[in-house]
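Here is the structure we will look at, set down as structure tokens.
The values are calculated or read from the model by the stated rules, or taken from the named source; none is laboratory data. Everything numeric in this text was worked out from a predicted model, so none of it was measured. Cβ placement follows ideal geometry from the backbone for every residue including glycine, while neighbour counts extend to all protein chains displayed.
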Amino acid sequence: MKKLLGIIGLSLISFAPIQSQELEKSLLWEISGNGLNESSYLYGTIHITCDASLDDNIKRALDETSLLVLELDMDDPKMQMEMMGGMMMKDGKTLKDLVSAEEYQIIGDFIKENLGLPIDALGTVKPFFLSAMLYPKLLDCPMQSFEAALMEVALEQGEESLGLETVQDQMNVSNQIPYEDQAIDLLRTAKDNMAYDKTSFKKMLEIYSQKDIEALYDYMLSDKNVITSEHLDKMLDNRNKNWIQKIIEFANEQRVFFGVGAGHLPGDNGVINLLRKEGYTVKPVM
């Protein structure tokens, strides 16, 4: 359950507007310059996958660094409890308030079939998190996680892992997105029993395997999700901006391996460009 909740939290990812300078096809980037004594690394992950094997460049970067920083501190013992509380809608809202009786039945049948739970028992859960509970079913294989793989290496090396934001930070993002918009995406998923989502995610995995973060961005912008198309500032831009000073502070203290969703890397407000604006050299590790 803790692993799934971590993935649900980390899955608050999206994709940003195209930047003026085309980025190389790389998921691993070196951060240097601007007074840093030694380089740190920035790695774009995908939160659920069939194969979370780490290549030699990633392993080398992990060997060279002394701290792992992910979006969340995933070994925080308070994470599960905090996330469970943050998944509920506020002000007494329930799913019945967001959809028609017919649509509620469609979602209820879908949730019962795929999660084995009655919808009435989950009616106060934010629709975004109901959708996220289904993420493992997008795969036709046992779910793996790059975050879990990175944490395993950090543990083997006796190194600490921390987060760029708290669970509450991520819960606040879901509070800023209208529940009605979240329900639109959940209903669309229920109506075709995840057929579109499975096809879309399979294609996204293929692009990710090519390390082409800009193509990944282009593909995700064509996605049917309202959350992706209407709330990029909340899902991505604002979070990236909040991370930059934390990334700089961490990197000034020691060599760090940063692992965040690949969608946070590209774009005018992507982490790569924002670090470059601060005067840092961010170059791909090919």
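Restricting the first residue to segment 95-124 and requiring it to be surrounded by fewer than 18 Cβ atoms within 10 Å (Cβ to Cβ), which pairs with a second residue that is β-branched (V, I, T) and outside any loop (DSSP other than H, G, I, E, B) meet a Cβ separation below 7 Å and a spacing of at least six or different chains?
If the second residue must be β-branched (V, I, T) and outside any loop (DSSP other than H, G, I, E, B), the pairs left are K112/I119; L117/I111.
Do we find that I58 is closer than 26 Å to K211 by Cβ and β-branched (V, I, T) in this structure?
yes
Within segment 70-83, does at least one residue satisfy the condition of being out of contact with any helix residue (DSSP H, G or I) (no Cβ under 8 Å at 6 or more places or on another chain), at pLDDT below 95 and part of a helix (DSSP H, G or I)?
yes
Taking the stated definitions as given, is E102 at pLDDT 95 or above, part of a helix (DSSP H, G or I), charged (D, E, K, R) and more than 18 Å from F128 (Cβ to Cβ)?
Yes.
For segment 237-286, what are the residues that are touching a His at 6+ places or on another chain (Cβ under 8 Å) and assigned to a loop (DSSP other than H, G, I, E, B)?
G270 - this is the single residue of segment 237-286 that is touching a His at 6+ places or on another chain (Cβ under 8 Å) and assigned to a loop (DSSP other than H, G, I, E, B).
How about segment 172-183: which of its residues are over 13 Å from H231 (Cα atoms) and surrounded by 20 or more Cβ atoms within 10 Å (Cβ to Cβ)?
A183
Being touching a Leu at 6+ places or on another chain (Cβ under 7 Å) and part of a helix (DSSP H, G or I), is that true of even one residue in segment 158-166?
No, segment 158-166 contains no residue that is touching a Leu at 6+ places or on another chain (Cβ under 7 Å) and part of a helix (DSSP H, G or I).
Residue-wise test of (1) of a type outside the set (A, V, I, L, M); (2) more than 21 Å from M74 (Cα to Cα).
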position: D218; (1), (2): yes, yes
position: K224; (1), (2): yes, yes
position: H231; (1), (2): yes, yes
position: L236; (1), (2): no, no
position: W243; (1), (2): yes, no
position: F258; (1), (2): yes, no
position: G261; (1), (2): yes, no
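Among the listed residues A190, A132, A154, identify the single one that is crowded, with 19+ Cβ neighbours inside 10 Å, hydrophobic (A, V, I, L, M, F, W, C), over 26 Å from D51 (Cβ atoms) and touching a residue at least 60 places away in the same chain (Cβ under 8 Å).
One residue alone meets the criteria, A190.
I'd like to know if segment 222-234 contains one or more residues that are basic (K, R), modelled with pLDDT under 95 and surrounded by fewer than 23 Cβ atoms within 10 Å (Cβ to Cβ).
There is at least one residue in segment 222-234 that is basic (K, R), modelled with pLDDT under 95 and surrounded by fewer than 23 Cβ atoms within 10 Å (Cβ to Cβ).
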